[in-house]
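A quick write-up on the structure given underneath.
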Amino acid sequence: MHRLKPLSRYLDGSYYLYDAEVVGTNYACLFELTASDYPRSATEAIRGRGEIAKIKIGTEWAMRRHYRRGGCFAAVADDRYFWTGLERSRPVREWRLLAQLYCDGFPVPRPIAMRLVRSGLWYRADLITLEIGNARTLAETLESEPLTADAWGALGETLARFHGAGVYHSDLNANNILLDKQKRFYLIDFDKSSFRFSDFGWKRRNIERLRHSLNKLSHSNKIRHWRLADFDYLLKSYYFKESRPNVD
């Protein structure tokens with residue numbers, strides 16, 4: 001079991017959650033760093049469901065994501081979210097979910113700091129997690145090389161483990177799955193995700209979402225090493241693991 005004891009604090013009108021073991025007392029400064037504070041090779045900005053910057057904390061690297069809207073709401077609200085209470089806010093819910101999963105030993109990034117800035121009826125927010133080292137997204141991996149049948153099976157087992165614990169990932173796609181050099185899979189970006197204790201088909205739809213993501217990337221030639229038959233290895237392992245939830 002991992003140890004994670006987050007502290008909370010209000011400072012200058014902002015609300016923070018932070019892991020003092022990692023960030024100490026300098027948590028607020030982490031949210032003021034910009035791309036100009038690091039060499040170009042050490043930072044990246046990705047527009048989509050969030051804006052991500054890679055920052056260095058002591059000897060470790062971390063990923064800071066600024067919450068941004070996607071889809072049709074992006075042009076209207078961009079990075080603003082309607083205030084309905086602290087514990088119902090997206091960053092706090094994601095932090096709570098990530099922290100529990102991390103402490104329970106699930107392959108997820110460790111949350112280390114969060115900031116929420118409220119302004120009237122709206123708020124903006126950022127979340128920082130430790131980087132999973134020497135890892136690429138599933139999409140990046142399949143662009144350069146195919147996965148073995150064993151690797152697809154390992155991914156199926158990983159997804160079955162999350163689903164067996166009732167973890168619903170709201171955006172399960174090839175860019176939110178990481179694979180490190182030890183062939184271990186991780187899930188990232190748990191915004192709008194949650195625990196679900198009844199299965200009304202969400203597990204199947206979650207798996208179909210991943211398959212749709214792979215098909216879409218393949219049809220647009222963004223990944224070269226993907227065959228629909230590969231997914232059979234994932235499904236076989238997934239359903240075998242799901243039928244034996246207490247067997248490691």
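The values are calculated or read from the model by the stated rules, or taken from the named source; none is laboratory data. Note that this is a predicted model, so its numbers are computed, not measured.
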Seminar exercise, completed: Requiring at least 2 residues that are in the same structural domain as ASP191 (by TED's automatic domain parsing) and more than 19 Å from the chain's Cα centre (by Cα), the helices (runs of 4 or more DSSP H) wholly within region 51-158 are 138-144
For this session: Might you let me know whether region 229-246 holds any residue that is at pLDDT below 95 and of a type in the set (A, V, I, L, M, F, W, C)?
Result: yes
